[in-house]
1. Based on this model, can you work out whether residue 99 counts as more than 16 Å from the ligand (Cβ to nearest atom) and β-branched (Val, Ile, Thr)?
2. Pairs under 7 Å by beta carbon, first residue over 20 Å from residue 300 (Cα atoms) in segment 146-165, partner modelled with pLDDT of 95 or more and among the basic types (Lys, Arg), six or more apart or different chains?
3. Examine segment 72-93 for a residue that is farther than 30 Å from residue 193 by Cα and either at pLDDT below 95 or of a type in the set (A, V, I, L, M) (or both), and state whether such a residue exists.
4. Identify the residue in segment 2-36 that is more than 18 Å from residue 70 (Cα to Cα) and small (Gly, Ala, Ser) and, among all such residues, is surrounded by the fewest Cβ atoms within 10 Å (Cβ to Cβ).
5. Of all residues in segment 104-119 being aliphatic (A, V, I, L, M) and touching a Lys or Arg at 6+ places or on another chain (Cβ under 9 Å), which is farthest from the ligand (Cβ to nearest atom)?
6. Regarding residue 196, is this residue basic (Lys, Arg), touching a Lys or Arg at 6+ places or on another chain (Cβ under 8 Å) and not assigned by TED's automatic domain parsing to the domain that holds residue 288?
7. What's the total number of residues in segment 189-228 that are of a type in the set (A, V, I, L, M, F, W, C) and touching a residue at least 40 places away in the same chain (Cβ under 8 Å)?
8. When you check residue 288 against the structure, is it assigned by TED's automatic domain parsing to the domain that holds residue 18 and part of a loop (DSSP other than H, G, I, E, B), yes or no?
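The values are calculated or read from the model by the stated rules, or taken from the named source; none is laboratory data. Here the structure is a predicted model, which is why all the values come from computation and not from measurement. Cβ atoms come from the backbone with ideal geometry, glycine included; neighbour counts cover every protein chain shown.
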Amino acid sequence: MEIKNTPIKEQKNYGNSVFPYVINGENQKEKSEFLLWVQQNKEALKATLHQNDAILFRNFPIQSAEDFEKMLDAAEFENMDYMGGAAPRTQVTKSRILTSNESPASEAIPFHHEMSQVPNPPNYIFFCCGISAEKGGATPIIRSKRVYEQFQNINAEFANKVEQSGVRYIRVMPEKTDADSAIGRSWKETFQCTSKEEAERKMQSLGMEYQWLEDNSVKTTTAILPAIRNYQDQKMFFNSIYAAYHGWNDARNEGHKSVTLADGAYIDDTVMNTLTEKMKEDTVSFHWQEGDVLWINNNTVLHSREPYQGARKVYASIAK
Ligand SMILES: [Fe+2]
């Protein structure tokens with residue numbers, strides 16, 4: 001089977017690339033053949049991913065988290081642990097598959113690069129649909145360089161200030177995971193530890209400042225992190241500004257106070273609201289079909305999640 005793009009109506013065309021690239025497996029049944037094909041074509045598939053920033057595999061014989069894991073193993077992506085991420089998740093397979101963010105169905109998860117608030121974020125994030133929601137529940141994606149361009153177009157002076165300053169993220173993490181919050185992952189799970197001392201060592205190693213609160217939650221402030229990153233000579237809106245500003249709202253946190261410039265100033269509300277409108281032009285959102293697999297270059301693409309109704313199971317995995 002050759003690697004060829006079979007467009008879906010949601011796909012965007014950017015001249016020398018499409019977004020996402022879509023490979024249709026045409027419902028071939030043989031799992032072992034499919035895995036062999038992935039293994040034999042792994043370099044070409046990765047080149048296609050780098051050219052187009054995301055690949056959707058549709059109608060391939062993927063029926064479980066285990067199949068998804070085997071596909072990633074066949075492509076020889078180097079697995080990465082989820083240390084430092086904010087989202088409540090459950091480990092599904094032994095090594096590399098977790099549920100995607102299990103935060104409440106009624107809430108959208110705003111656009112973000114995976115783990116952009118830690119010093120070494122994954123190069124890749126992968127999703128696989130186990131159960132497609134009755135309504136909603138897409139995983140919208142957008143090219144980060146387009147967001148950077150829009151950010152500049154809206155207010156170049158502010159954009160340059162953010163770029164030069166960098167940003168800090170402020171988040172209160174509970175002792176026990178709060179399933180009612182998209183950023184409710186406990187500090188114990190986040191840092192994979194059981195004691196405050198261990199957590200402190202992890203936070204220090206991540207360059208975070210911290211303050212223990214009365215209820216054993218911890219208020220963390222990251223080091224100054226870059227807001228804009230260069231990736232292969234292109235500027236990316238690589239940060240969690242959008243996600244923190246729009247999404248870090250729960251019993252412990254307020255989004256618009258969750259991200260600051262280096263000097264402590266908050267992010268401009270008008271810029272953020274305009275950016276949200278402008279991003280719609282470049283957003284791709286397709287309804288998940290069961291067995292769909294999405295490969296994303298986390299350096300160049302932001303992803304999000306729509307609210308949904310009914311059961312939904314989407315698996316996630318990250319790689320170095
Ligand atoms: Fe994510």
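1. Details: more than 16 Å from the ligand (Cβ to nearest atom): no; β-branched (Val, Ile, Thr): yes.
In short, no.
2. 154/278
3. So in segment 72-93, the residues farther than 30 Å from residue 193 by Cα come out as 74-75.
After this cut, where a residue has to be either at pLDDT below 95 or of a type in the set (A, V, I, L, M) (or both) as well, the list is 74-75.
Checked segment 72-93: at least one residue is farther than 30 Å from residue 193 by Cα and either at pLDDT below 95 or of a type in the set (A, V, I, L, M) (or both).
4. 15
5. First pass over segment 104-119, keeping only residues aliphatic (A, V, I, L, M): 105, 108-109, 115, 118.
Filter once more, keeping what is touching a Lys or Arg at 6+ places or on another chain (Cβ under 9 Å): 105, 108-109.
Values: 105: 16, 108: 12, 109: 7 Å.
In this case the residue turns out to be 105.
6. Numbers: basic (Lys, Arg): yes; touching a Lys or Arg at 6+ places or on another chain (Cβ under 8 Å): no; not assigned by TED's automatic domain parsing to the domain that holds residue 288: yes.
In short, no.
7. At the first step, the residues of segment 189-228 found to be of a type in the set (A, V, I, L, M, F, W, C) are 191, 193, 199, 203, 206, 208, 212-213, 218, 223-225, 227-228.
Within this subset, residues satisfying the condition of being touching a residue at least 40 places away in the same chain (Cβ under 8 Å) are 191, 206, 213, 218, 223-225, 227-228.
Here the count works out to 9.
8. Values: assigned by TED's automatic domain parsing to the domain that holds residue 18: yes; part of a loop (DSSP other than H, G, I, E, B): yes.
So residue 288 passes the test.
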